[in-house]
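Peer 1: Here it is, the structure in full.
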Amino acid sequence: TGFDYAQNVVVIHTLPGLASAAGSAVDAMNLSVILGTLAGDDTVIVIMRDTNSAAAFCGEIKSLLN
């Protein structure tokens, strides 16, 4: 339902119950700039290697949604 980043952390908001699936999908991307994910009920935290990687990742998500 939304996403943003601060420094090297990307926060992805999903519908309730879907964060685990979203986190799993991000993990399956096998990107070297992603250190890992942590999923709750409706929020995924993605730890990136650096701020530039987080910004680029959010840009990619945005381009996919438009």
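Peer 1: Beyond 17 Å, what share of the Cα-Cα pairs of the chain is found? Please give it as a whole percent.
Peer 2: Working: 715 of 2145 pairs.
That tail contains 33 percent of the Cα-Cα pairs.
Peer 1: Here is a further query. Share of the chain's accessible area from carbon and sulfur, percent, 1.4 Å? Let's see the in-between values first.
Peer 2: Numbers: 2380 of 4160 Å².
That share works out to 57 percent.
Peer 1: Now a separate question. Could you point to the residue in 23, 45, 61 farthest towards the positive end of the chain's charge dipole, with +1 and -1 charges on the Cβ of Lys/Arg and Asp/Glu respectively?
Peer 2: 61
Peer 1: What is the magnitude of the charge dipole of the chain about its Cα centre, with +1 placed on the Cβ of each Lys and Arg, -1 on the Cβ of each Asp and Glu, and no other charges, expressed in debye to the nearest 20?
Peer 2: Numbers: 2 positive and 6 negative charges, 25 e Å.
Computed charge dipole of the chain: roughly 120 debye.
Peer 1: Stretch residue 49-residue 11 to full length: gain in nm at 0.36 nm per residue minus the Cα-Cα span? Provide the component values of the computation, followed by the final result.
Peer 2: Working: separation 38, 0.36 × 38 = 13.68 nm, distance 1.44 nm.
That works out to 12.2 nm of additional length.
The values are calculated or read from the model by the stated rules, or taken from the named source; none is laboratory data. Only a predicted model underlies this, so the values are computations on that prediction, with no experimental measurement involved. All Cβ positions, glycine included, derive from the backbone under ideal geometry; neighbour counts span all protein chains shown. Note: accessible area is taken over every heavy atom of the protein model, side chains too, but ligands, DNA and RNA are not part of it. Shrake-Rupley method; radii C 1.70, N 1.55, O 1.52, S 1.80 Å.
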